[in-house]
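S.K.: Take this structure first; my questions come after.
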Amino acid sequence: MSAAVEHRGPAPTPAVLAPFARAGGRALMLGHVHPDADVLGTLLALGQALETRDWRVTYGGPHAAPAALGFLPGVDRYRACAAIEGALDVTVLTDCPNPQRTEGLIDQARRAGGLVVNIDHHPDNRRYGDVNWIDVSASATGEMVYELLLALGWPLTPAIATNLFTAIHTDTGSFRYSNVTERTFRIAAALVAAGARPALVSEWLYERRAPDALAWLGEALRRVELSDDGRLAWLALPAGALPERFIESEELVNYPRSVVSVRVACLLREQGDAVKVSLRAKGDVDVQRIAAQFGGGGHANAAGCTLAGGLGEATPRVLAAVRAALAAAPGGGRPVP
Ligand code: AMP
Ligand code: MN
Ligand code: MN
């Protein structure tokens, strides 16, 4: 066999491996608010690997797993929890840049003892752990947990492989976004070799719409608006305009993003007395910096924030910030094709 060049991120250091070295510990796999497939897939994968080493593992966070991710192996063990009970040796957080995104559960976990291990790929990670492993070159924390299991020498089961494959699949937009690297495909190949089934994961993620979903999608798409110069597209959803379960099961921001001239896309969802904003870019503008202006965060091309108040106030504020960022970008965010 030829010596292939290995494109790997920074490998986990001994300090990252040490908390997991013993057998039979107690671990909490702690998720962030509104858990997605990257956080759930990695917590489940690492927890399942620990369970094969006789660890007692609990899985939970401030919100339950969405029904659309009910196919992730072992996700039935993941609970919405208000309180952390019992003593702990290790608390693991993945994909969680800011401890506030546990809604106070991390403080309870610290009081339960043990070490907080922070595994993340967000550039704005606050390094709140006792051990912090941050790799911004990873497309998903799914890549990192794969590297961790490899470094620990623990075998991948089909369930672990499926959880990690789905984490990477979703954070890369099905291997389409600019965060995809050669390493992403190498890891994906290893996960398929270990039992992940790409066609099945795609079917579970994208081919299981409810019968009424296409009508709701039509309703959503009719509301997409485009700026005069075509660089900015947004979708503003007043409270109750569409069913929550429908919004949760779609990446609606991808539709305004898909317009050829668009450099920044924005989804604004009114929820109670707040507006949740999702921002997406194509490399011209750093939307994480826009989200940060409103107390949010994320990645350069995918970020989010929450504004207090209604859509009427939030929409002009967010759009003005995006317009300012576009105007400041080289070439005003590139000429419209
Ligand atoms: P979303 O638009 O909710 O899919 O989130 C895209 C990215 O932005 C993810 O990496 C999130 O972690 C991050 N993000 C979303 N909302 C917030 C927020 N309120 N505060 C910090 N980061 C956020
Ligand atoms: Mn996440
Ligand atoms: Mn992620």
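S.K.: Scan the stretch 267-282 and tell me whether some residue there is assigned to a loop (DSSP other than H, G, I, E, B) and within 16 Å of ligand 3 (Cβ to nearest atom).
M.R.: no
S.K.: Name every residue in the stretch 126-151 that is closer than 27 Å to Gly104 by Cβ and open to solvent by 10 Å² or more (accessible area, probe 1.4 Å), in order of residue number.
M.R.: Of everything in the stretch 126-151, those that are closer than 27 Å to Gly104 by Cβ and open to solvent by 10 Å² or more (accessible area, probe 1.4 Å) turn out to be Arg126, Arg127, Tyr128, Gly129, Asp130, Val131, Asn132, Trp133, Ile134, Val136.
S.K.: Looking at the stretch 37-67, which of its residues are away from ligand 3 (no atom under 16 Å from the Cβ), open to solvent by less than 50 Å² (accessible area, probe 1.4 Å) and either over 21 Å from Gly104 (Cα atoms) or modelled with pLDDT under 95 (or both)?
M.R.: Scanning the stretch 37-67 gives Gly47, Gln48, Ala49, Leu50, Trp55.
S.K.: Something else about it: What's the number of the condition His122 fails, among (1) more than 16 Å from ligand 3 (Cβ to nearest atom); (2) surrounded by 15 or more Cβ atoms within 10 Å (Cβ to Cβ); (3) assigned to a loop (DSSP other than H, G, I, E, B)?
M.R.: His122 satisfies every listed condition except (1).
S.K.: Can you give me the number of residues within the stretch 284-296 that are open to solvent by 10 Å² or more (accessible area, probe 1.4 Å) and under 24 Å from Ala239 (Cβ atoms)?
M.R.: 4
S.K.: Every residue in the stretch 177-212 that is over 20 Å from the mean Cα position of the chain (by Cα) and among the hydrophobic types (A, V, I, L, M, F, W, C), please.
M.R.: Ala189, Ala190, Val192, Ala193, Ala194, Ala199, Leu200, Ala210
S.K.: Can you confirm whether the stretch 113-133 contains a residue that is without any contact (Cβ under 8 Å) to a residue 24 or more places away in the chain and touching a Ser or Thr at 6+ places or on another chain (Cβ under 8 Å)?
M.R.: No; the residues of the stretch 113-133 include none that is without any contact (Cβ under 8 Å) to a residue 24 or more places away in the chain and touching a Ser or Thr at 6+ places or on another chain (Cβ under 8 Å).
The rows are residues; the columns are (1) in contact with a His (Cβ under 6 Å, 6 or more places away or on another chain); (2) among the aliphatic types (A, V, I, L, M).
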site: Leu149; (1), (2): no, yes
site: Ala159; (1), (2): no, yes
site: Thr170; (1), (2): no, no
site: Glu182; (1), (2): yes, no
site: Arg197; (1), (2): no, no
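S.K.: Would a scan of the stretch 106-117 turn up a residue that is under 15 Å from Ala167 (Cα atoms) and within 16 Å of ligand 1 (Cβ to nearest atom)?
M.R.: Checked against the condition, which is being under 15 Å from Ala167 (Cα atoms) and within 16 Å of ligand 1 (Cβ to nearest atom), the stretch 106-117 yields no hits at all.
S.K.: Out of the stretch 170-200, which residues are more than 18 Å from Ser258 (Cα to Cα) and touching a residue at least 60 places away in the same chain (Cβ under 8 Å)?
M.R.: Result: Thr181, Glu182, Arg183, Arg186.
S.K.: When you scan the stretch 305-325, how many residues do you find that are open to solvent by less than 10 Å² (accessible area, probe 1.4 Å) and within 16 Å of ligand 2 (Cβ to nearest atom)?
M.R.: Matching residues across the stretch 305-325 total 1.
S.K.: A follow-up question, please. With the condition kept exactly as written, say whether any residue in the stretch 73-91 is within 30 Å of Val287 (Cα to Cα), within 15 Å of ligand 2 (Cβ to nearest atom) and not assigned by TED's automatic domain parsing to the domain that holds Ala292.
M.R.: No, every residue in the stretch 73-91 fails to be within 30 Å of Val287 (Cα to Cα), within 15 Å of ligand 2 (Cβ to nearest atom) and not assigned by TED's automatic domain parsing to the domain that holds Ala292.
Residues checked against (1) out of contact with any Lys or Arg (no Cβ under 8 Å at 6 or more places or on another chain); (2) of a type in the set (Lys, Arg); (3) part of a strand (DSSP E or B):
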| position | (1), (2), (3) |
| --- | --- |
| Glu85 | yes, no, no |
| Gln100 | yes, no, no |
| Gln108 | yes, no, no |
| Trp133 | yes, no, yes |
| Met144 | yes, no, no |
| Pro155 | yes, no, no |
| Thr162 | no, no, no |
| Ala167 | yes, no, no |
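The values are calculated or read from the model by the stated rules, or taken from the named source; none is laboratory data. Only a predicted model underlies this, so the values are computations on that prediction, with no experimental measurement involved. Note that we place each Cβ from the backbone using ideal geometry, even for glycine, and neighbour counts take in every protein chain shown. We work out accessible area using only protein heavy atoms, side chains counted, and drop any ligands, DNA or RNA first. Shrake-Rupley method; radii C 1.70, N 1.55, O 1.52, S 1.80 Å.
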